Structure formats: C-alpha cells, structure tokens
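The values are calculated or read from the model by the stated rules, or taken from the named source; none is laboratory data. The structure displayed is predicted, hence computed values, not measured ones. Glycine also receives a Cβ, built like all others from the backbone with ideal geometry; neighbour counts cover every protein chain displayed.
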Amino acid sequence: MKNTALTQTHIALGAKMVSFAGYNMPVLYSSINAEHETVRKSAGIFDVSHMGEFIIKGPHALDLIQKVTSNDASKLSEGKAQYSCLPNKQGGIVDDLIVYKLTHDEYMLVVNASNIEKDWQWISSFNTMGAEMKNISDKTSLLAVQGPKAQATLQKLTPVNLAEIPYYCFRRGVFSGVEGVIISNTGYTGSGGFEIYFPNEHAEKIWSAVMKAGEEFGIRPIGLGARDTLRLEMGFCLYGNDIDDTTSPIEAGLGWITKFTKDFTNCQALKNQKEKGTEKKLVGFEMIDRGIPRHGYEIKDSGGNTIGVTTSGTQSPTLQKGIGMGYVNSSFAHEGAEIFIPVRDKALRARVVKMPFYIKS
C-alpha cells in the first residue's frame with residue numbers, strides 16, 4: 001500500500017485505516033455519523049491526497065484535453081475549474097475528473113486514485129499533438145476542508161479573499177506561509193468549503209495549522225466513510241460504483257457535461273444516445289419500508305421482475321432513512337416511480353426521487 005504524507009498523523013489520531021485504491025487511508029476516527037454531522041454543522045478536514053494530479057501544458061494542451069474529455073474546456077478562463085469525464089470507445093467512462101485552467105496554456109487534471117495509471121495511459125495514447133504531460137500525483141497533497149465553518153477557518157491562514165472564490169473556481173496564493181497553494185471551491189459534500197493543493201513537504205505544517213485555526217469551531221478530522229455518506233446525500237457519482245467503463249455519461253445523467261459542440265472520443269455514439277434515449281438510467285431513490293440498500297442489490301418492479309441494480313446505498317445520517325442510487329429500466333426512471341429492493345429475502349418498497357437527497361437550509 002502507498003501512504004500519503006499524513007498517514008502517520010492519522011494513525012496517531014487513532015484513525016481506523018483501510019486499503020483504498022492502493023493507499024493506506026483513514027476510513028473513520030470516531031464514527032461515520034458523528035463525522036458526517038460535523039461536516040454538516042461546523043467543519044471537517046479530509047486528507048484526500050490519494051487523488052491523482054496531471055499537468056498538461058503547452059500550445060497543444062487544450063487540443064489534447066478537448067479530444068479526451070466530454071465537457072468543453074475551451075469555455076474555461078484562468079482560475080476556473082470544470083467537472084468532466086473521459087469517455088471510452090465503447091460508450092463507457094474511463095474516469096470522471098476536474099479540469100483546472102492554471103494559465104493560458106497550462107491545465108491540471110484531478111483524477112480518481114484508483115485510475116491514476118489507467119488515466120495516464122489513456123490520455124497519453126491520444127497525445128499525438130505533442131502536449132507536455134507531467135504526473136505530479138506522488139508529489140502533491142490535497143486537503144478538503146468542508147462545512148459551514150470551513151471558510152472562517154481557512155480565512156485565518158491566507159490573505160486570499162475566500163468569499164470571492166465562486167463555486168468551481170480557484171485562486172493560487174500564500175496559505176499558512178506556503179506560496180503557490182491552489183485554493184479551490186470544488187467540494188464533494190454539499191456543505192461548502194475548499195480543497196487545497198500543495199507539495200507533500202508542507203503537509204504536516206498545513207494540517208496542523210488548519211486544525212488549530214478551526215479549533216474554535218470544533219473542527220474534526222473526517223474519514224472516507226463520512227465522505228461517502230456526504231457525497232451520496234448529494235447524489236454525486238462515485239467512480240467504480242455509479243459510473244464505470246460500462247456506463248455512459250448519458251445513462252448516468254451526466255449529459256450536462258457532455259458537449260457536442262466539439263469532437264471528442266466516441267462523441268457520435270453518445271450523441272445518438274442523447275437523441276434516441278437509453279434503455280437504462282441512473283436514479284436516486286428513498287426507502288419507504290425500513291431497510292438499507294447496498295451496492296449490488298437488485299431493483300425489482302411490483303411483479304418481482306428485475307429492472308435494475310443498486311450502485312450506492314446507505315442509511316442517510318441527515319435524513320434518517322435509507323437512500324440509494326442505481327440504474328433502472330428507463331420506464332421507471334421518473335420521480336415517484338415505486339420500486340422494490342430485496343433485502344434478506346424481503347422486497348422492501350422504495351420510491352424514485354429527485355436528487356440531491358439533501359438540500360442545505
């Protein structure tokens with residue numbers, strides 16, 4: 001297993017460590033529910049340094065990004081970020097990612113930890129135009145500070161005015177005495193906050209500074225367990241669960257990041273899907289009967305026929321009910337449709353609902 005620059009810090013804090021995407025990562029420190037509530041009500045700090053970062057630069061950087069991603073990166077100006085995906089040639093998704101425009105000809109792609117090598121090889125295979133590529137994943141640390149008190153916590157550590165960074169935008173500046181830190185408003189929890197990118201050698205210093213700055217707000221370290229329940233309440237896809245090499249962005253409800261104003265990998269097939277519709281669609285659902293849906297559970301209709309499969313599920317700490325996401329036959333992919341989730345040989349009722357499940361008050 002690989003370690004992040006903060007692995008020993010997590011162990012010293014008593015975190016339960018697990019192998020995740022080849023990294024030794026904290027899944028929880030106290031309990032998932034307590035950590036989840038901390039992020040919803042105050043502030044939590046996540047070590048997500050296992051994520052991958054690629055730099056693509058030069059006069060042909062944009063050409064390469066446009067070819068391999070589904071969204072239109074030409075719309076980005078410096079200081080803006082964009083959610084996108086890497087379509088494969090069979091209609092599925094190689095990975096989902098965030099594209100940051102650093103300068104006029106330099107971009108940073110942030111990819112999932114489990115796909116770093118796969119994504120690097122995939123993007124490289126299209127680099128016939130000679131864009132300069134650099135994999136900085138092993139040298140880069142990433143902290144996510146999330147929650148309603150995240151901004152007040154971080155503002156103590158930087159002269160950058162965080163209130164002036166809109167959603168999916170970022171600034172580079174001094175943070176905790178370190179120059180050139182990327183401060184990005186691109187959270188994965190639905191409770192507001194920022195993600196900060198910096199070289200590994202500053203990890204312990206910055207972690208300690210954030211913990212001290214957030215002390216008055218009750219900041220806590222948060223593990224991957226609560227990260228998953230938080231993102232699921234928002235209806236955010238998790239690669240390997242809700243999207244993968246066999247699911248198309250159109251099926252997954254990601255048509256909004258699939259722009260047919262440019263030529264990209266497999267765009268014609270995806271355009272056909274968008275125009276003609278798909279046989280299955282990703283939906284969110286809430287349990288009516290008491291029970292917790294889990295990844296891999298079948299989804300059935302009232303007649304007991306299998307109409308889909310659950311891709312993510314949990315007991316929502318905020319809503320106090322079972323929630324899930326899954327692919328169903330398109331005829332059931334409408335709000336209010338009644339579906340059934342077999343749990344321990346019992347068909348439990350559920351209802352398709354509009355996502356996100358959680359709406360910040």
*Of all the residues that make up region 67-103, how many are in a strand (DSSP E or B), in contact with a Pro (Cβ under 8 Å, 6 or more places away or on another chain) and hydroxyl-bearing (Ser, Thr, Tyr)?*
0
*Just need a number here: residues in region 248-268 that are surrounded by fewer than 20 Cβ atoms within 10 Å (Cβ to Cβ) and either assigned by TED's automatic domain parsing to the domain that holds GLY192 or not in a helix (DSSP H, G or I) (or both).*
8
*Please tell me if THR311 is buried (at least 20 other Cβ atoms within 10 Å of the Cβ), polar (S, T, N, Q), touching a Phe, Trp or Tyr at 6+ places or on another chain (Cβ under 9 Å) and under 22 Å from CYS85 (Cα atoms).*
yes
*Scanning region 292-333 for residues that are among the basic types (Lys, Arg) and more than 20 Å from the chain's Cα centre (by Cα), which turns out farthest from ASP244 (Cα to Cα)?*
LYS321
*So which of THR186, THR153 ends up being within 24 Å of LEU109 (Cα to Cα) and among the hydroxyl-bearing types (Ser, Thr, Tyr)?*
THR186
*For THR318, all conditions in the list (1) in contact with a strand residue (DSSP E or B) (Cβ under 9 Å, 6 or more places away or on another chain); (2) hydroxyl-bearing (Ser, Thr, Tyr); (3) in contact (Cβ under 8 Å) with a residue 60 or more places away in the chain hold save one; what is the number of the exception?*
(1)
*asked:* I'd like to check something: does region 165-174 contain any residue that is surrounded by fewer than 13 Cβ atoms within 10 Å (Cβ to Cβ) and modelled with pLDDT of 95 or more?
replied: yes
*Take the residues of region 71-114 that are under 21 Å from GLU251 (Cα atoms) and hydroxyl-bearing (Ser, Thr, Tyr): which is surrounded by the most Cβ atoms within 10 Å (Cβ to Cβ)?*
SER84
*Quick check, is ALA131 under 25 Å from LYS205 (Cα atoms) and outside the structural domain of TYR23 (by TED's automatic domain parsing)?*
no
*For region 21-53, how many residues are touching a residue at least 24 places away in the same chain (Cβ under 8 Å), more than 23 Å from TYR358 (Cα to Cα), touching a Lys or Arg at 6+ places or on another chain (Cβ under 9 Å) and not in a loop (DSSP other than H, G, I, E, B)?*
3
*May I ask you to say which residue of LEU157, LEU143 is assigned to a strand (DSSP E or B), within 23 Å of ALA5 (Cα to Cα) and of a type in the set (A, V, I, L, M)?*
LEU143
_Options ALA226, ALA213, ALA209: the member that is under 30 Å from GLY296 (Cα atoms) and of a type in the set (A, V, I, L, M)_ = ALA226
*Can you tell me which residue within region 273-295, out of those that are touching a Ser or Thr at 6+ places or on another chain (Cβ under 9 Å) and part of a strand (DSSP E or B), is surrounded by the fewest Cβ atoms within 10 Å (Cβ to Cβ)?*
GLU286
